[in-house]
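Let me begin by presenting the structure, written as C-alpha cells, before commenting on it.
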Amino acid sequence: MAIPKKMRLPARRFHERALHVVSTPFFSLKALGNHAATNRIGMVAGVAVHKSAAKRNFWRRQAGEVLRTLPDHYGDLLLLFFPKVNTLTKKEFKEKLMAAAREIKKRQR
C-alpha cells in the first residue's frame, strides 16, 4: 500500500540537515521538525541497495508499513537504505526500524 499523499515528505526537505539521526549498518533514519499535524515520510533506496527495482520497492513497502503506524508528532522522517539491508529478514528489519524510531522519539524530548 502506498503512503498517502498528505504523509509524503516533500522532495525539498530531503536536502535539509536533520535534527536527529539514528544510523545502523542497514539504514539511517533522520528526523526533521515540522508543523504539520501528521508525520511525513520519505524513503530513499538507490540502485546500490539492489539492482532490482522490485527488491528496492519491497524494502520501501516494509518500511512504509512500520512508519505509517507510528503515532503523530514524530515530524518529518527520512529513511535512507544501505545495501546491507538485504541480509535482514522482514521481522528483523521491522524490529530494527521500530527500535530506531523509539530512539528518535527519545532524542526529541
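Calculated mean residue ellipticity at 222 nm for the chain: -11000 deg cm²/dmol, from DSSP H runs with n ≥ 4 weighted as -39500 (n - 2.57), summed, divided by the residue count and rounded to 500. Annotation: amide H of Gly42 within the under-5 Å range of Leu9, Leu77, Leu78, Leu79, sequence separation 5 or more or interchain, hydrogens built in the peptide plane.
Toward the positive end of the charge dipole of region 3-89, with +1 on the Cβ of Lys and Arg and -1 on the Cβ of Asp and Glu, the farthest Cα among Gly33, Trp59, Pro71 is that of Trp59.
For the chain, what is the relative contact order in percent, using Cα pairs closer than 8 Å and at least 6 residues apart in sequence? Walk me through the intermediate numbers first.
On the way: 153 pairs, mean separation 38.6, N = 109.
Computed over the chain, the figure is 35 percent.
A simple count of charges around Val21, restricted to other residues whose Cβ falls under 14 Å of its Cβ and scoring Lys, Arg +1 and Asp, Glu -1, yields +2. So what's the net charge close to Asn39: Lys and Arg +1, Asp and Glu -1, counting the other residues with Cβ under 9 Å from its Cβ? Residues near Asn39 contribute 0 overall. Matching the structure-derived P(r) over Cα pairs in 10 Å bins from 0, in percent against the labelled list (1) 14, 40, 28, 15, 3, 0; (2) 15, 52, 31, 3; (3) 14, 45, 33, 6, 1 gives the label (2).
For Lys90, the lysines whose Cα comes closer than 23 Å to its Cα, not counting residues fewer than 8 places off in the same chain, are Lys30, Lys51, Lys55, Lys105.
Quick check on the exposure proxy: order Val66, Val47 from fewest to most C-beta atoms within 10 angstrom.
Working: Val66 18, Val47 10.
Fewest to most other Cβ atoms nearby, the residues stand as Val47, Val66.
The aspartates and glutamates whose alpha-carbon is closer than 16 Å to the alpha-carbon of Lys84, local same-chain residues fewer than 8 away aside, are Glu92, Glu95.
Antiparallel beta bridges, as assigned by DSSP with both residues in region 5-108, represent about 60 percent of the total such bridges.
Each value in this text was obtained by applying a stated rule to the coordinates, not by laboratory testing. Note that this is a predicted model, so its numbers are computed, not measured. In this analysis, Cβ positions are derived from the backbone assuming ideal geometry, glycine residues included, and neighbour counts consider all displayed protein chains.
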